[in-house]
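Chemist: Sharing a structure here in structure tokens format.
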Amino acid sequence: MISNAFTIGVDLGGTNLRIAAYAQESGLLETIQLSTRLADGRDAVAADMCQAIRRLLDRYSRERSLTGIGIGSPGPLELPAGRLRQPPNLPGWDGFELRATIERALDRPVLVENDANVAALAECIVGKGRTLGVDSLCMLTLGTGVGGGIILHGKIWDGMSGMAGEVGHLNIWTDGVACGCGGHGCLEAYASATAVRRMAEEMIAREQAPGLAALQASNPRFTARDVSELAQTGDLHARRIFADVGRALGIGLASLVNLLNLPLYVVGGGLANAWTLFSRSLFEELRHRSYVYRLTDLGEDRVVDSSPGNTHVVPAQLGPDAGLLGACLLPFTAALSKV
Ligand SMILES: [Zn+2]
């Protein structure tokens, strides 16, 4: 690999559009942050993206060699075509040929990936994966919804057409609440910021939660973060919500650990800041439901001392930059696979 190589990565979100130049030895060289002009249509957003990419190309390609351009986009996406399929966070973008549109405008090849997958890639290469010295992981991103990504030996596992790793729609409760995907009882309906707010509203409606009712009275637009702050003060009802989040995560992780037997499972996204509030019930469920976890557990309950490896379930390391970093890293992993 050329030592002065650089890449350009794009983190396309429903609110923000971030474009960065990246070099392996120095990390992010420069980041351009724009608002995603959703109201002006997808062509306007694509034009903003291309203009920022060109600016970074002009600035860095004289001294450095471009390895490639990576874009992390909300899904669902068809890959490798880079075509959007009814993305809930990008209304009006159904059928949009994101990859082809950007390649045509720039007259260069680009790589498109699901945003949760590139965040997982970044955690693997420059986050918790690097810290623990492993090259495979599964990441769960707890935000408005629950996203996920699976990295096997340093590469994203896309599945047949780019839709693998949809851990947010693992079934947790057969008769659970309705999910945006059309199913019922999905992990996303119990372990997302949206789910925390829903559970709080249900408790308030049952008139059983004075602390939460007071929160709503003082701030009708309260968020999952407000509920977690209330839980940190010791409010029993708010704490119960996070215990339920942990329970759902533990049940979901038990399936993932049994299925994948990976060395590392990373929990990221804004709601992961409440790790200390939900991790206890998470590990209770995980130990109870996954014999693979019990046989590879790091903790006090480890059954087999001579296990071939340990299963780590830990909070993410990178924070909100993971998606942007992953988009920047994507061309490097694609370049490696051709060697
Ligand atoms: Zn679902």
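The values are calculated or read from the model by the stated rules, or taken from the named source; none is laboratory data. Since the model is a prediction, treat every value here as computed from it, not as a measurement. Virtual Cβ from ideal backbone geometry, glycine too; neighbours counted across all protein chains shown. What goes into the accessible areas is simple: the full protein's heavy atoms, side chains included, and nothing from ligands, DNA or RNA. Shrake-Rupley method; radii C 1.70, N 1.55, O 1.52, S 1.80 Å.
Chemist: Please compute the net charge surrounding residue 183, taking Lys and Arg as +1 and Asp and Glu as -1 over other residues with Cβ under 15 Å from its Cβ.
Modeler: Local charge sum for residue 183: -3.
Chemist: Considering the chain as a Gaussian network with a 10 Å cut-off on Cα pairs, which listed residue, 298, 77, 142, attains the greatest mean-square fluctuation?
Modeler: Looking only at 298, 77, 142, the biggest GNM fluctuation is shown by 298.
Chemist: Further question on the same structure: Per residue, what accessible area does segment 1-117 have, given a 1.4 Å probe and all protein chains present, in Å²?
Modeler: Each residue of segment 1-117 exposes 47 Å² on average to a 1.4 Å probe.
Chemist: Just how much of residue 11 is accessible, in Å², when a 1.4 Å probe is used and the result is rounded to the nearest 10?
Modeler: Answer for residue 11: close to 30 Å² accessible.
Chemist: Another question, then. Could you give each residue of segment 145-162 its phi-based ³J(HN,Hα) in whole Hz, using Karplus coefficients 6.51, -1.76, 1.60 with θ = phi - 60°, and x for Gly or Pro?
Modeler: Once rounded to whole Hz, the list reads x, 10, x, x, x, 10, 10, 10, 6, x, 10, 5, 8, 7, x, 5, 9, x.
Chemist: Amide H of residue 66: which non-local residues (sequence gap of 5 or more, or other chain) have their own amide H closer than 5 Å, using H built in the peptide plane?
Modeler: Here 6 satisfy the definition.
Chemist: If you don't mind, another one. Label points 7 Å out from Cα along the Cβ direction at residue 223 and residue 198: separation in nm?
Modeler: Taking the simple label geometry, residue 223 and residue 198 are separated by 2.0 nm.
Chemist: Using only alpha carbon pairs under 8 Å that are at least six residues apart, calculate the relative contact order of the chain and give it in whole percent.
Modeler: 19
Chemist: Under the 0.36 nm per residue contour assumption, what length would be gained going from the current alpha-carbon distance of residue 208 and residue 131 to full extension?
Modeler: Once the chain is fully extended between residue 208 and residue 131, it gains 23.4 nm.
Chemist: Still on this model: Considering Cα pairs under 8 angstrom that are at least six residues apart, work out the relative contact order of segment 60-185 and quote it in whole percent.
Modeler: 19
Chemist: I would also like to ask the following. May I ask for the net charge around residue 79, where only other residues with Cβ less than 11 Å from the Cβ of residue 79 are counted and Lys, Arg are +1 while Asp, Glu are -1?
Modeler: 0
Chemist: Let me check something: with ligands and nucleic acids excluded, how do 174, 131 order by accessible area (1.4 Å probe), largest to smallest?
Modeler: Sorted descending by solvent-accessible area, the residues read 174, 131.
Chemist: Additional query: Can you pull the one-decimal nm distance between simple spin-label points at residue 310 and residue 173, each 7 Å off the Cα toward Cβ?
Modeler: So the label points at residue 310 and residue 173 sit 3.4 nm apart.
Chemist: Over segment 149-194, give the accessible area per residue in Å² for a 1.4 Å probe, as an integer.
Modeler: Accessible area per residue, segment 149-194: 49 Å².
Chemist: Using alpha-carbon positions, what is the distance between the centroids of segment 1-71 and segment 217-237, in Å?
Modeler: 37
Chemist: What is the percent carbon and sulfur in the accessible area of the chain, measuring with a 1.4 Å probe over the protein chains and ignoring ligands?
Modeler: Reported share for carbon and sulfur atoms: 50 percent.
Chemist: Could you identify which residue out of 45, 112, 257 has the top mean-square fluctuation in a GNM of the chain using Cα springs shorter than 10 Å?
Modeler: Of the options given, 45 has the highest mean-square fluctuation.
Chemist: About its Cα centre, what dipole magnitude does the chain give when the only charges are +1 on Lys and Arg Cβ and -1 on Asp and Glu Cβ, stated in debye to the nearest 20?
Modeler: Roughly 340 debye, rounded to the nearest 20.
Chemist: Net charge near residue 325: determine it from the other residues with C-beta under 10 Å of the C-beta of residue 325, scoring Lys and Arg +1 and Asp and Glu -1.
Modeler: Net local charge, residue 325 excluded: -3.
Chemist: By its C-alpha gyration tensor, with a ≥ b ≥ c as the square roots of the eigenvalues, how is segment 168-243 shaped: rounded for a/c under 1.5, else prolate for a/b larger than b/c, else oblate?
Modeler: prolate
Chemist: Ok, one more. Pull out a ≥ b ≥ c, the square roots of the eigenvalues of the alpha-carbon gyration tensor of segment 67-138, then state rounded if a/c is under 1.5, prolate if not and a/b is larger than b/c, and oblate in the remaining case.
Modeler: oblate
Chemist: Here's another thing I want to ask about it. Under 10 Å, Cα contacts only: if you run a Gaussian network model on the chain, which one of 253, 38, 262 comes out with the highest mean-square fluctuation?
Modeler: 38
Chemist: Suppose we keep just the DSSP beta bridges with both residues in the chain; what percent of those would be antiparallel, to 5?
Modeler: In the chain, DSSP labels about 55 percent of beta bridges as antiparallel.
Chemist: Taking H as built 1.01 Å from N, whose amide H comes closer than 5 Å to the amide H of residue 312, not counting residues under 5 places away?
Modeler: Amide H neighbours of residue 312, under 5 Å, 5+ apart: 264, 265.
Chemist: Shape of segment 1-73 from its Cα gyration tensor (a ≥ b ≥ c, root eigenvalues): rounded if a/c is under 1.5, otherwise prolate when a/b > b/c, or oblate?
Modeler: prolate
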